[in-house]
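The values are calculated or read from the model by the stated rules, or taken from the named source; none is laboratory data. It should be emphasised that the depicted structure is a prediction, and the values quoted were computed from it without experimental measurement. For neighbour counting, all protein chains shown are included, and Cβ atoms are generated from backbone atoms with ideal geometry for every residue, glycine included. To get the accessible areas, we keep the full protein, side chains included, count just its heavy atoms, and leave off ligands, DNA and RNA. Shrake-Rupley method; radii C 1.70, N 1.55, O 1.52, S 1.80 Å.
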Amino acid sequence: MKRLLSYILMMVVGCMILVSCSKDDAVGGVDGMIDVRLSLQVSGTAYTKDVDNSNETLDYTTGGQNNINDLYILLVDRNGRFQYLVDELLVQNTEKTLYKGTITRPAAGSRLVLMANINQQQMSGSADVSTWLNSFKGQNIQNIYDSAVFAYSTGNWDLSGRSIPMWGEVEIGAPVDGNVTLSCNMYKALAKINIWVNEKKGIEGFVINKVVVKNSLDKGFCVSQSPLSSDIAVQYEAPYIPAGAANRTSDAQYSNLNVTTAFSDAIYVVEQDNSAEGLSPITVEVHYTYDGAAGIGVINFKDENGVPFDVTRNHSYIFNISKVSGVETNVSLIYDVVDYYDIHRINLGFN
């Protein structure tokens, strides 16, 4: 299959959150402290495309998907132990893309871990997020990752009130006098599902009235422990699921629609192993009318051989309804997965 990756976070491809960390002149002699400036550059529609333009990426990345609502920067030593939060992290502009903080001059092999949009995930219990994170001081950063589990058991993910959790890390090394510039990819913890009708051109007489996402998972990790591919166009190849994750008991429903070309930038789901024992695979019901006749089409995450494929974070899945056929109420839809990058599954088509 060629699977679309809307969340490939490289500026050369688009949809990248590039974090450059630069040290101005060292703060000489003040308890060994240095200033660190973080510039978060979030690409927007300049790097996206409509389906008629083959020279750019396929999917739109909206400002809401890239929003940084809150940012925590953790200094981790060469042994993976969390040392401290960067104190007095100051936002330098209204777009929340430029930050300044102060750190102790780090030892070689130290790294900065960035965790964004944590406040809205309600993971820290009664403690505020800073207090919660600081409770892990001296422990392996893995303990934070294992505890950073967000719930998504009801309703629809609304970006206006809940930004997508993101994570990234960058090695600092041993700063010297002068400027040090670092880059860091930020990875989103959710996947996105878009539904197109005839490559957004529409089909005469066809209207989507409702979309229902069934059997998605009720929780996810803010930080994946799956290995990153060396190919930035692939990124994560497998989902990483918290223990105890279960299928949601309430469906995510998108009702009162009147969609004729595309239903985009609305469906966000937790990554999911669709062949996991004891769990049902995710499906998407498309409720529609075609020339006045009502029908329901079911989109399965399966290849042409009926083998499930997974939902992986930081990916966008576009299902294109290419044909609708039938007489009166006996209608059915044919859909396929829009091609983009080759990722081990080739020529996925559905009938």
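Just a few scattered comments:
- Across 188/219; 192/302; 200/323; 219/302; 192/219, pairs whose alpha-carbon gap is larger than 19 Å: 219/302
- Formal net charge of residues neighbouring residue 189 (Cβ-Cβ distance under 10 Å; K, R +1; D, E -1): +1
- Net charge contributed by nearby residues that have their C-beta within less than 12 Å of residue 110 (K/R +1, D/E -1): +1
- For peptides 99-108, 66-75, sequence by mean Cβ density within 10 Å, most packed first: 66-75, 99-108
- The packing ranking of peptides 257-263, 184-190, highest mean first, is 184-190, 257-263, where packing means the average number of other beta carbon atoms within 10 angstrom of each residue.
- By accessible area, using a 1.4 Å probe on protein heavy atoms only, the stretch 118-161 has 42% of its surface on carbon and sulfur.
- Solvent-accessible area of the stretch 212-308 (1.4 angstrom probe, protein heavy atoms only): carbon and sulfur portion equals 45 percent.
- Burial ranking of peptide ranges 313-320, 211-218, 133-140, 296-303 (average Cβ count within 10 Å, highest at the top): 313-320, 211-218, 296-303, 133-140
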